[in-house]
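Asks: Before we start, here is the structure in question, set down as structure tokens.
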Amino acid sequence: MAAELNQAGREVDDVIADLEAKRVDDVKWEDGRAFGMVYDGGPGVHEVAERAARIYLHENALNTKAFPSLGEIQSEVVSWTAGLLNGPGASGFLTSGGTESILCAVKAARERAKTERGITAPEMIVAESAHAAFHKGAHLFGLTLHKTPVLDDWTVDVDAMAAMVNENTVLIVGSAPQYPQGVVDPIPEIAALAADAGANCHVDACMGGFVLPFAERLGRDVGNWDFRVEGVTSISADIHKLGYAPKGVSVILHRTKDLRRYQTFVFDDWLGGFYASPNLQGTRSGLPMAAAWAVMQHLGVDGYVDLTRQTLANADVMRAGVASIDGIRVLGDGEFHLVAIASDPEAEDPIDLFALADALESRGWFHDRQGPPDSLHSTVSNSNTGVMDDYVAALEASAADVRGTTIDDRSTNYATLE
Ligand SMILES: Cc1ncc(COP(=O)(O)O)c(C=O)c1O
């Protein structure tokens with residue numbers, strides 16, 4: 001039966017108690033047992049985000065003449081991010097998340113090609129590992145999408161990309177890192193291909209944008225992937241992931257302000273007056289923008305370096321734990337914070353990964369199930385600090401429980417409708 005709204009209003013305490021009660025079956029991210037979805041920067045980050053959120057809970061960035069502080073907040077966060085990604089002249093906006101940033105990049109590539117090259121049947125090229133949001137972008141904005149395979153190391157096959165380039169190519173995509181196995185695509189080669197074709201090159205750093213710059217400062221080899229690579233025209237970086245801000249905020253950057261103009265929508269032909277919109281939203285909550293500003297200020301570069309050090313240490317413990325258990329393995333040699341655990345076909349007794357996921361879930365550990373191939377995905381972060389030894393023990397016990405068994409349910413669950 002459809003639910004009906006209560007006629008009489010209810011007391012605040014009552015309403016809040018009900019909300020708290022609803023959460024009983026939700027993933028317990030607060031105790032570090034989730035590998036994804038919520039990223040916990042620690043008590044100081046919580047405090048600064050919550051205090052900023054209270055101030056900006058009701059504010060609206062639709063009109064920065066009415067809320068100039070939000071205009072300033074956006075421009076400062078964008079500019080700090082451009083600095084981190086080595087794009088001193090880069091220019092962009094805040095969006096509601098990675099998907100919206102990617103949609104903006106797809107739209108900008110289409111508009112640029114239409115204006116500068118007269119292309120009316122735009123095409124884009126992405127790896128099969130590229131995020132589903134690119135397919136959504138192709139669908140929404142009417143581009144033909146070509147999907148290229150990945151190599152044995154899970155990075156995109158650039159030769160296959162090159163074979164798909166034609167005069168209608170407007171966008172070629174690389175990821176830093178890609179979501180499924182956490183490896184960084186060869187961005188310089190992809191960018192060179194795009195530049196030769198006169199097309200945009202978008203780097204999806206939704207996951208890596210707030211990790212790789214700090215991993216580099218920690219001395220890890222992150223390769224060349226940001227605006228230092230000629231030919232990269234746009235980058236997306238999510239502050240609401242490993243930037244540790246609450247949900248609803250990402251940065252889309254274009255190499256120049258000139259390129260940025262292909263993303264925006266400016267309209268003045270209705271009865272409501274001038275309407276300029278930087279991204280896909282109309283009304284825009286000030287809350288995530290202000291919370292992101294506050295979290296970034298609170299952490300500073302040093303805070304992010306510390307969180308990244310901890311994150312990578314946690315991920316290294318997971319990788320070592322997996323390597324020590326017969327029947328499972330990590331896919332690819334991802335060195336950062338994304339870890340995919342799969343069955344080891346060379347083991348005497350390969351383990352059914354989804355049976356393993358059930359066993360881990362019964363012990364309170366949550367992984368996304370993905371495929372092909374069937375694997376358990378982890379976005380490791382500072383959230384998991386202090387529990388990784390317990391995790392490895394749970395993994396060992398779960399593997400022992402399910403060895404030799406299989407389950408029928410092969411469904412994956414990255415994102416759901418209702
Ligand atoms: C590489 C990558 N790109 C894009 C996205 C989409 O981000 P969002 O879920 O914020 O829309 C994700 C999300 O995990 C991602 O890992």
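Asks: Grab the Cα-Cα distance for residue 413 and residue 264, subtract it from 0.36 nm times how many residues apart they are, and report the gain in nm with one decimal.
Replies: Full extension from residue 413 to residue 264 adds 50.3 nm.
Asks: Hey, another quick one. Between the range 254-304 and the range 85-134, what's the alpha-carbon centroid distance in Å?
Replies: What the calculation gives is 15 Å, centre to centre.
Asks: Taking square-rooted eigenvalues a ≥ b ≥ c of the alpha carbon gyration tensor, is the range 190-291 rounded, prolate or oblate, where a/c under 1.5 means rounded and, failing that, a/b exceeding b/c means prolate? Write out the running numbers ahead of the final one.
Replies: Values: a/c = 3.71, a/b = 1.35, b/c = 2.76.
Oblate, because a/c is 1.5 or more while a/b does not exceed b/c.
Asks: Considering only DSSP beta bridges whose two residues both sit in the chain, what percent are antiparallel, to the nearest 5?
Replies: 60
Asks: Charges only on Cβ, +1 for Lys and Arg, -1 for Asp and Glu: so what's the dipole of the range 300-402 about the Cα centre, in debye to the nearest 20? Provide the component values of the computation, followed by the final result.
Replies: Values: 5 positive and 19 negative charges, 70 e Å.
The calculation lands at about 340 debye.
Asks: Give the peptides 304-310, 258-264, 410-416 in descending order of average Cβ contacts within 10 Å, highest first.
Replies: Descending packing order for the listed peptides: 304-310, 258-264, 410-416.
Asks: Could you give the DSSP H helices of the chain that reach 30 angstrom or more along their long axis (alpha carbon positions) and whose average Kyte-Doolittle hydropathy is no lower than 0.0?
Replies: 286-323
Asks: With just the Cα atoms defining each centre, how far is the range 334-369 from the range 23-53? Give it in Å.
Replies: 24
Asks: With both bridge residues required to lie in the range 176-301, what share of the DSSP beta bridges run antiparallel, to the nearest 5%?
Replies: Among the beta bridges of the range 176-301, antiparallel pairing accounts for roughly 65 percent.
Asks: To the nearest 500 deg cm²/dmol, what mean residue ellipticity at 222 nm is calculated for the chain from DSSP H runs of n ≥ 4 alone, each contributing -39,500 (n - 2.57), summed and divided by the residues?
Replies: -12500 deg cm²/dmol
Asks: Which percent of the accessible area of the chain is formed by carbon and sulfur heavy atoms (probe 1.4 angstrom)?
Replies: Ligands and nucleic acids excluded, carbon and sulfur give 52 percent.
Asks: Continuing with the same structure: Just want the answer: with Cβ charges of +1 for Lys and Arg and -1 for Asp and Glu, which residue in 16, 105, 70 is farthest toward the dipole's positive end in the chain?
Replies: Of 16, 105, 70, it is 70.
Asks: Let me ask something additional. Quick one: if the Förster radius is 56 Å, what FRET efficiency do residue 280 and residue 400 give, using the C-beta to C-beta distance and rounding to 0.05?
Replies: E between residue 280 and residue 400, to the nearest 0.05, is 0.70.
Asks: Something else: Considering the options 307, 362, 321, tell which one lies farthest towards the positive end of the dipole of the range 300-402, charges being +1 on Lys and Arg and -1 on Asp and Glu at the Cβ, about the Cα centre.
Replies: My answer, from the dipole projection, is 307.
Asks: Next up: Ranked highest first by the average count of other Cβ atoms within 10 Å around their residues, in what order do 94-100, 32-38, 374-380, 71-77 fall? Don't skip to the end; give the middle numbers.
Replies: Working: 94-100: 22.4, 32-38: 20.3, 374-380: 24.0, 71-77: 18.3.
My ranking of the peptides, most packed first, is 374-380, 94-100, 32-38, 71-77.
Asks: A further question on this structure: Looking only at the range 58-204, where both bridge partners belong to it, what percent of the DSSP beta bridges are antiparallel (to the nearest 5)?
Replies: So the antiparallel bridges in the range 58-204 amount to around 5 percent.
Asks: Quick check: pseudo-label points 7 Å beyond the Cα along Cα→Cβ at residue 115 and residue 346, how many nm apart are they?
Replies: The answer from the label model is 5.2 nm.
Asks: How many nm separate the modelled label positions at residue 15 and residue 46, each set 7 Å beyond the Cα in the direction of the Cβ?
Replies: 2.4
Asks: Holding the Cα-Cα limit at 30 Å, pick out from 22/65; 28/147; 22/107; 114/247; 114/136 the pairs that are longer than that.
Replies: 22/65; 28/147; 22/107; 114/247
Asks: Answer rounded, prolate or oblate for the range 361-418, using the Cα gyration tensor with square roots of eigenvalues a ≥ b ≥ c: rounded when a/c is under 1.5, else prolate when a/b is larger than b/c, else oblate.
Replies: oblate
Asks: At a 10 angstrom cut-off on C-beta neighbours, averaged per residue, how do the peptides 161-168, 196-203, 2-9, 348-355 rank from highest to lowest?
Replies: 196-203, 348-355, 161-168, 2-9
Asks: Among rounded, prolate and oblate, which fits the range 84-198 when a ≥ b ≥ c are the square roots of the eigenvalues of its C-alpha gyration tensor, a/c under 1.5 means rounded, and a/b larger than b/c means prolate?
Replies: It is rounded, given that a/c, with a ≥ b ≥ c, falls under 1.5.
Asks: With every protein chain left in place, what is the accessible area per residue of the chain in square angstrom, probe 1.4 Å?
Replies: For the chain, the solvent-accessible area averages 47 Å² per residue.
Asks: Moving on. Can you tell me, using C-alpha contacts under 8 Å and at least 6 residues apart, the relative contact order of the range 300-402 as a whole percent?
Replies: On the way: 153 pairs, mean separation 33.5, N = 103.
Relative contact order for the range 300-402 comes out at 33 percent.
Asks: Please compute, for the alpha-carbon atoms of the chain, the extent along each of the three principal axes and give them in descending order in Å.
Replies: Extents along the principal axes, in whole Å: 65, 64, 50.
The values are calculated or read from the model by the stated rules, or taken from the named source; none is laboratory data. Predicted, not measured: the structure shown is a model, and the values here were computed from it. For neighbour counting, all protein chains shown are included, and Cβ atoms are generated from backbone atoms with ideal geometry for every residue, glycine included. All accessible areas refer to the heavy atoms of the entire protein, side chains included, with ligands and DNA or RNA removed. Shrake-Rupley method; radii C 1.70, N 1.55, O 1.52, S 1.80 Å.
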